[in-house]
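J.: Before anything else, here's the structure in question.
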Number of protein chains: 2
Amino acid sequence: MTRFALTIEFDGGPFFGLQRQKDGPSVQQSLEEAIHGVTGEEVRVHAAGRTDAGVHALGMRVHADIAKEIAPFRLMEAINAHLRPDPIVVIACETVDDDWHARFSCVERSYLYRILNRRARPTLDRGRVWHVATELDAAAMHEAAQSLVGRHDFTTFRSVHCQSDSPVKTLDRLDVERHGNEVHIHAAARSFLHHQVRSMVGCLSLVGKGQWTAQDLRHALEARDRQALGLNAPPEGLYFVEAAYP
Amino acid sequence: MTRFALTIEFDGGPFFGLQRQKDGPSVQQSLEEAIHGVTGEEVRVHAAGRTDAGVHALGMRVHADIAKEIAPFRLMEAINAHLRPDPIVVIACETVDDDWHARFSCVERSYLYRILNRRARPTLDRGRVWHVATELDAAAMHEAAQSLVGRHDFTTFRSVHCQSDSPVKTLDRLDVERHGNEVHIHAAARSFLHHQVRSMVGCLSLVGKGQWTAQDLRHALEARDRQALGLNAPPEGLYFVEAAYP
């Protein structure tokens, strides 16, 4: 058995999420079937993160144990051929030690959230951005966001379906930048609660519109109560960017 | 009658091109029907350029004469409501003088061509880039491209369906830049021949692969013969970026 680490890019639009679901298509199922097509083996894929339906990935890391002797580049090309026409591809592939784990060895996950901030709805980027027609003050959003950075109880920003043992997480980075008519939010942490990035982005959008002050955001965090959440941003603007390992 | 100048963004994928066609959907038809929906008027839309089927626009300029009294912002919002769900939007709207013409007053058109240069096919950007799996030498492409800049007979890079009076055009800019795993080609000129940008990009890709030298590209230009064309790049990587006016 050789453990392979794969870097995956996918359009989350057609999937019910990364993790295998009983009732619809998933990235995990497509990947496992593609690997089966290449190797004939029943392989279980483990991913660095569990993205929701509609959430995209630019560089998700996964691993799988494969008995067939095959070079990483050949494996990548063969899996990509089997993944057609699903919007999932392997963009990098390497062998790793048997104790390397895509999920448990990961020390930092980073996400990007893209907001299209203009009057007109998206055309080329539909399904790729959250459209917010009201002008957002990105500088105010960035300033307010800094109160969320650090170690906090993020219960307010946590889905009721979250399976994490503790609502306490350490947020390493939450930066808001304007690029023309797009507002980008960069978030990084060792791990996130379910819906945490989308919930933080939703509340930051209220700050950007002037409906919330920076203090309102701090109070929402301190409330440690899902009822204090202002807004959960939709999945289509969210991208899993990178998983980092020691 | 008031003449309105509109800036348009569209995904060219579902259309047979910008110009009205007998046998399929066009951007012009969608726009004229949307304006009819707002004003009740039979309006003719004139555009800065005629893009082919599958070619996108980030900032196409068009004009239309409208009798109804309406403020530019309201007109933009109303047309956008009527354009749904077509992937076309008006991103700017202003009134102009009666002698201003989207096509004839335009002094420079600029295009962007996006190549995704990696082994794996595109997922999030499918239909938005040309996928070239072989590694391209963008610096060699840029250097070779400079022989096309200036006033030349571009017959080699001209479609047999081109309706231009003369094959002589002045190319102001042809820059090739690498951005990670994308290669971007920026082209600007007062006007282009039909298929000129795609034909130049196709030949530059041969230079990038090392199949053509810079001298081969110069010889192709000097041949003034469509038979000397190396390759016509596909439409999905091409974007009409901007039309400039005095």
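J.: Here is a check on your reading of the model: is A:His56 buried (at least 20 other Cβ atoms within 10 Å of the Cβ), at pLDDT 95 or above, under 22 Å from the mean Cα position of the chain (by Cα) and not charged (D, E, K, R)?
T.: yes
J.: Tally the residues that are of a type outside the set (Gly, Ala, Ser) and within 14 Å of chain B (Cβ to nearest Cβ), restricting the search to the stretch A:1-24.
T.: Residues meeting the conditions: 9.
J.: So, one more: Please go through the stretch A:130-181 and give me each residue that is closer than 30 Å to B:Ile88 by Cα and in contact with an Asp or Glu (Cβ under 7 Å, 6 or more places away or on another chain), ordered by number.
T.: Of everything in the stretch A:130-181, those that are closer than 30 Å to B:Ile88 by Cα and in contact with an Asp or Glu (Cβ under 7 Å, 6 or more places away or on another chain) turn out to be A:Trp130, A:Ala138.
J.: Quickly run through the stretch B:134-145 and pick out the residues that are part of a loop (DSSP other than H, G, I, E, B) and of a type in the set (A, V, I, L, M, F, W, C). Explain how you work it out, then say what you get.
T.: At the first step, the residues of the stretch B:134-145 found to be part of a loop (DSSP other than H, G, I, E, B) are B:134-137.
Hit for the stretch B:134-145 is B:Leu136, nothing else.
J.: Residue under question is B:Leu217, and the condition is that it be surrounded by 18 or more Cβ atoms within 10 Å (Cβ to Cβ), in contact with a strand residue (DSSP E or B) (Cβ under 8 Å, 6 or more places away or on another chain), in contact (Cβ under 8 Å) with a residue 24 or more places away in the chain and under 17 Å from B:Leu231 (Cβ atoms); does it hold? Steps first, answer last, please.
T.: Values: surrounded by 18 or more Cβ atoms within 10 Å (Cβ to Cβ): yes; in contact with a strand residue (DSSP E or B) (Cβ under 8 Å, 6 or more places away or on another chain): no; in contact (Cβ under 8 Å) with a residue 24 or more places away in the chain: yes; under 17 Å from B:Leu231 (Cβ atoms): yes.
Answer is no for this residue.
J.: Starting from residues that are in a helix (DSSP H, G or I) and hydroxyl-bearing (Ser, Thr, Tyr), keep the ones in the stretch B:1-53 and report whichever is surrounded by the most Cβ atoms within 10 Å (Cβ to Cβ). Break it down into steps so the answer makes sense when it comes.
T.: Pass one, the stretch B:1-53, residues in a helix (DSSP H, G or I): B:27-39.
Retained after the next criterion (residues that are hydroxyl-bearing (Ser, Thr, Tyr)): B:30, B:39.
Details: B:Ser30: 21, B:Thr39: 17.
Out of the qualifying residues, it is B:Ser30.
J.: Can you go through B:Phe104, B:Phe154 and tell me which one is under 18 Å from the mean Cα position of the chain (by Cα), surrounded by fewer than 18 Cβ atoms within 10 Å (Cβ to Cβ) and of a type in the set (Phe, Trp, Tyr)? Let's see the steps before the verdict.
T.: Numbers: B:Phe154 fails: surrounded by fewer than 18 Cβ atoms within 10 Å (Cβ to Cβ).
Of the residues listed, the single one that is under 18 Å from the mean Cα position of the chain (by Cα), surrounded by fewer than 18 Cβ atoms within 10 Å (Cβ to Cβ) and of a type in the set (Phe, Trp, Tyr) is B:Phe104.
J.: Conditions first: (1) out of contact with any His (no Cβ under 9 Å at 6 or more places or on another chain); (2) within 14 Å of chain B (Cβ to nearest Cβ). A:Ala144 passes all but one, so which condition is the exception?
T.: (2)
J.: If B:Glu177 meets every condition in (1) crowded, with 20+ Cβ neighbours inside 10 Å; (2) within 16 Å of B:Tyr113 (Cα to Cα) apart from one, which number is that one?
T.: (1)
J.: Sticking with this one: Say we look at the stretch A:76-118 and pick out the residues that are among the aromatic types (Phe, Trp, Tyr) and out of contact with any helix residue (DSSP H, G or I) (no Cβ under 7 Å at 6 or more places or on another chain); which of these is farthest from the other protein chains (Cβ to nearest Cβ)?
T.: First, pick out the residues of the stretch A:76-118 that are among the aromatic types (Phe, Trp, Tyr): A:100, A:104, A:111, A:113.
Keeping just the survivors that are out of contact with any helix residue (DSSP H, G or I) (no Cβ under 7 Å at 6 or more places or on another chain) gives A:100, A:104.
Numbers: A:Trp100: 22, A:Phe104: 27 Å.
Applying the filter and picking the extreme gives A:Phe104.
J.: So, in the stretch B:163-208, how many residues would count as being in a loop (DSSP other than H, G, I, E, B) and within 16 Å of B:Leu221 (Cβ to Cβ)? Quick ask: steps written out before the conclusion?
T.: As a first pass, look at the stretch B:163-208 and keep what is in a loop (DSSP other than H, G, I, E, B): B:163-167, B:180-181, B:190-195.
From what's left, within 16 Å of B:Leu221 (Cβ to Cβ): B:166-167, B:192-193, B:195.
The total comes to 5.
J.: Additional query: Is the stretch B:57-66 home to any residue that is assigned to a helix (DSSP H, G or I), within 14 Å of chain A (Cβ to nearest Cβ) and among the hydrophobic types (A, V, I, L, M, F, W, C)? Reasoning before the result, please.
T.: Within the stretch B:57-66, the first condition is being assigned to a helix (DSSP H, G or I), and the residues that meet it are none.
No, that holds for no residue.
J.: Being without any contact (Cβ under 8 Å) to a residue 60 or more places away in the chain and under 25 Å from B:Glu9 (Cα atoms) narrows it down to one residue among B:Asp165, B:Asp125; which is it? First the steps, then the outcome.
T.: Values: B:Asp165 fails: under 25 Å from B:Glu9 (Cα atoms).
Criteria check complete, one pass: B:Asp125.
J.: Going through the stretch B:119-133 one residue at a time, which ones are part of a strand (DSSP E or B) and within 14 Å of chain A (Cβ to nearest Cβ)?
T.: The one that is part of a strand (DSSP E or B) and within 14 Å of chain A (Cβ to nearest Cβ): B:His131.
J.: Among the residues of the stretch B:5-24, write down those that are out of contact with any Cys (no Cβ under 6 Å at 6 or more places or on another chain) and touching a residue at least 40 places away in the same chain (Cβ under 8 Å).
T.: Quick first cut of the stretch B:5-24, residues out of contact with any Cys (no Cβ under 6 Å at 6 or more places or on another chain) only: B:5, B:7-24.
Correct list: B:Ala5, B:Thr7, B:Ile8, B:Glu9, B:Phe10, B:Asp11, B:Gly12, B:Gly13, B:Pro14, B:Leu18.
J.: Here's a follow-up. Take the stretch B:92-118 and flag every residue that is assigned to a strand (DSSP E or B) and either of a type in the set (S, T, N, Q) or under 27 Å from B:Ile66 (Cβ atoms) (or both).
T.: Residues of the stretch B:92-118 assigned to a strand (DSSP E or B): B:92-96, B:108-116.
Matches in the stretch B:92-118: B:Ala92, B:Cys93, B:Glu94, B:Thr95, B:Val96, B:Glu108, B:Arg109, B:Ser110.
J.: When you look at A:Ala187, is it within 15 Å of A:Tyr239 (Cα to Cα) and either among the aliphatic types (A, V, I, L, M) or more than 15 Å from the chain's Cα centre (by Cα) (or both), yes or no?
T.: Values: within 15 Å of A:Tyr239 (Cα to Cα): yes; either among the aliphatic types (A, V, I, L, M) or more than 15 Å from the chain's Cα centre (by Cα) (or both): yes.
Considered against the rule, which asks whether it is within 15 Å of A:Tyr239 (Cα to Cα) and either among the aliphatic types (A, V, I, L, M) or more than 15 Å from the chain's Cα centre (by Cα) (or both), A:Ala187 comes out as yes.
The values are calculated or read from the model by the stated rules, or taken from the named source; none is laboratory data. From a predicted model like this one, the values you see are computed outputs, not experimental measurements. All Cβ positions, glycine included, derive from the backbone under ideal geometry; neighbour counts span all protein chains shown.
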